[in-house]
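The values are calculated or read from the model by the stated rules, or taken from the named source; none is laboratory data. A quick note: this is a predicted structure, and the numbers were derived from the prediction, not measured. Don't worry about glycine lacking a Cβ; one is built from the backbone with ideal geometry, like all the others, and counts go over all protein chains shown.
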Amino acid sequence: MKRRITTIIIALSCLVLNAQYNKSIKIEPVLKTDTTSLGQKIIYPQFNDNQVTILKITMPPGKSTGWHKHLIPVFAYVLEGTITVEFENKKSIVYLKNSTISESFNTYHNGVNRGNEDVVLLAFYMGEKGKPLSVPMDSLKLTK
């Protein structure tokens with residue numbers, strides 16, 4: 001009985017704190033999805049040593065990421081500019097400023113800045129310590 005009362009008190013306290021927190025803070029959802037940009041189901045790998053990496057990436061006009069793929073879930077937010085993501089199946093998706101990207105995984109793709117200003121991304125990688133964030137396309141694949 002004591003445990004149940006304690007749980008109720010904690011739950012009510014959280015509700016009160018949450019209500020106080022939300023009064024002065026503007027919260028805007030930017031992405032809520034269970035699939036990647038290609039419609040792949042998001043699957044969180046099981047790692048022994050989890051690590052989240054957040055990178056701010058600035059890509060000048062005319063530059064590209066190079067062909068690569070991710071073996072982990074990656075999400076990004078376009079802070080500035082417009083980026084075009086090309087996929088190995090010849091499909092491409094254009095992401096404008098303030099858009100979100102639920103990146104494809106295990107699919108080669110290339111981000112290209114075709115605009116006249118820098119593209120600035122904030123990218124979130126859900127990976128494992130000591131493991132690469134992306135895998136570059138091998139030279140044999142490029143010649144096909």
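Take the residues in segment 16-40 that are assigned to a helix (DSSP H, G or I) and either within 23 Å of Asn98 (Cβ to Cβ) or polar (S, T, N, Q) (or both), then tell me which one is modelled with the highest pLDDT. Can you show your working first?
Within segment 16-40, the subset assigned to a helix (DSSP H, G or I) is 16-24.
If we keep only those that are either within 23 Å of Asn98 (Cβ to Cβ) or polar (S, T, N, Q) (or both) as well, we get 18, 20, 22, 24.
Working: Asn18: 57, Gln20: 55, Asn22: 63, Ser24: 82.
For segment 16-40, the residue satisfying everything is Ser24.
Quick one: is Ile43 under 17 Å from Leu133 (Cα atoms), in a loop (DSSP other than H, G, I, E, B) and β-branched (Val, Ile, Thr)? If you could, list the steps in order and put the result at the bottom.
Numbers: under 17 Å from Leu133 (Cα atoms): yes; in a loop (DSSP other than H, G, I, E, B): yes; β-branched (Val, Ile, Thr): yes.
So Ile43 fits the description; yes.
Return the only residue of Lys90, Lys56 being of a type in the set (D, E, K, R), under 23 Å from Val30 (Cβ atoms) and loosely packed, with under 13 Cβ neighbours inside 10 Å. Don't jump to the end; show me each part of the working.
Values: Lys90 fails: under 23 Å from Val30 (Cβ atoms).
Every option except Lys56 fails the conditions.
Identify the residue in segment 118-144 that is in contact with a strand residue (DSSP E or B) (Cβ under 7 Å, 6 or more places away or on another chain) and not in a strand (DSSP E or B) and, among all such residues, is farthest from Val74 (Cα to Cα).
First, pick out the residues of segment 118-144 that are in contact with a strand residue (DSSP E or B) (Cβ under 7 Å, 6 or more places away or on another chain): 118-129, 133-137.
So of that shortlist, the ones also not in a strand (DSSP E or B) come out as 118, 129, 133-134, 137.
On the way: Asp118: 21, Lys129: 15, Leu133: 9, Ser134: 10, Met137: 17 Å.
Looking at the filtered set, the residue picked out is Asp118.
Considering Leu121, Leu79, which residue is surrounded by fewer than 16 Cβ atoms within 10 Å (Cβ to Cβ) and either polar (S, T, N, Q) or within 15 Å of the chain's Cα centre (by Cα) (or both)?
Result of the check over Leu121, Leu79: Leu79.
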